[in-house]
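Here's the structure, in structure tokens; my notes come after.
The values are calculated or read from the model by the stated rules, or taken from the named source; none is laboratory data. Keep in mind that what you see is a predicted model, and the values were worked out from it rather than measured. Keep in mind that these areas ignore ligands, DNA and RNA; they rest on the heavy atoms of the full protein, side chains included. Shrake-Rupley method; radii C 1.70, N 1.55, O 1.52, S 1.80 Å.
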Amino acid sequence: MKLSDVINFVYPRNIYCVCCNDMLPVGREHALCDKCIEEMLWYSKNPFDAKINEFCFDKVLSLVNYDVHAQTIIHKLKFQNKPYIAKPIGQLMGELYGEAGAYFVAVPMHKERQEERGYNQAELLAIYASKACGSIFLKDALLKIKPTVSMRSLTGDGRRQSIRDSIVVTPENKGKIKGKDLVLVDDVITTGTTADICASALKKAGARSITVLTFAAVDYKGK
């Protein structure tokens with residue numbers, strides 16, 4: 001039996017809604033029920049667009065507003081040991097980006113936290129998103145060289161101070177990044193601080209442009 005067969009047996013594909021856990025119709029592609037699809041706040045224009053000149057990245061694409069539905073999905077993915085949620089969500093993100101040719105990279109997690117969780121949810125999302133649009137995923141392009149405190153309770157200034165100088169481009173990937181259009185993937189963007197630090201490191205390594213791609217975004221009011 002193949003590993004994929006085992007995974008599909010343990011985590012059957014798209015049987016229950018990843019948000020509310022209701023049973024899904026047979027053949028539902030993206031693991032969301034009709035009710036949750038209708039109630040989620042889907043973005044037509046990202047709230048970061050009006051303030052994009054404040055950051056090192058060039059564009060932000062997000063599927064949904066960080067409402068109670070998005071919070072439920074992200075909490076399951078990050079804190080309830082349900083990495084399989086990354087596949088349908090990542091596929092949706094890849095369809096949102098919709099272009100082939102860019103290199104996908106993931107916001108990194110410090111090795112101690114990743115060992116504790118068992119996976120980096122941003123990396124899983126980047127893998128599935130890149131596959132969905134026929135692009136290349138650069139594994140470990142960014143490295144978090146020192147642990148930081150949880151960002152959830154920090155303000156924008158506190159976040160930047162906490163994460164400053166903690167993320168670098170790995171030497172083996174510098175040549176691959178130079179002159180390339182990159183897609184930086186994370187689960188949610190709030191103040192933009194983490195994505196900005198990552199984008200700064202990537203731009204210093206020679207990246208031509210950086211699009212931040214996330215599942216959810218918090219309404220951005222400016223720095």
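Given a 1.4 Å probe and every protein chain left where it sits, what share in percent of the accessible area of the chain is carbon and sulfur?
Details: 6060 of 11620 Å².
Answer for the chain: carbon and sulfur cover 52 percent of the accessible area.
Before anything else, pin down the relative contact order of the chain: Cα pairs under 8 Å, at least 6 apart, normalised by residue count, whole percent.
Working: 409 pairs, mean separation 52.2, N = 223.
Computed over the chain, the figure is 23 percent.
For region 52-154, how big is the tail of P(r) above 16 Å, as a whole percent of Cα pairs? The partial results should precede the final answer.
On the way: 3360 of 5253 pairs.
Beyond 16 Å sits 64 percent of the P(r) for region 52-154.
What's the Cα-based Rg to Rh of region 43-99, Rh via Kirkwood?
Details: Rg = 13.2 Å, Rh = 12.9 Å.
Dividing the radius of gyration by the Kirkwood radius yields 1.02.
Probe of 1.4 angstrom, ligands and nucleic acids ignored: what's the accessible area per residue over the chain, in square angstrom? Can you show the working numbers first?
Values: 11620 Å² over 223 residues.
Result: 52 Å² of accessible area for each residue.
Output needed: percent of Cα pairs per 5 Å distance bin for region 175-223, bins running from 0 to the one holding the longest distance.
Over region 175-223, the share of Cα pairs per 5 Å bin runs 5, 22, 28, 21, 14, 8, 2, 0 percent.
Give the aspartates and glutamates reachable from Lys221 as a straight Cα distance under 12 Å; neighbours fewer than 8 places away on the same chain don't count.
Lys221 reaches Asp49, Glu54.
Filter Lys45/Lys174; Lys139/Lys178; Lys131/Lys180 down to the pairs with a C-alpha to C-alpha distance above 27 Å, please. Display every interim value, and only then the final one.
On the way: Lys45/Lys174 32 Å; Lys139/Lys178 16 Å; Lys131/Lys180 18 Å.
Those over the limit are Lys45/Lys174.
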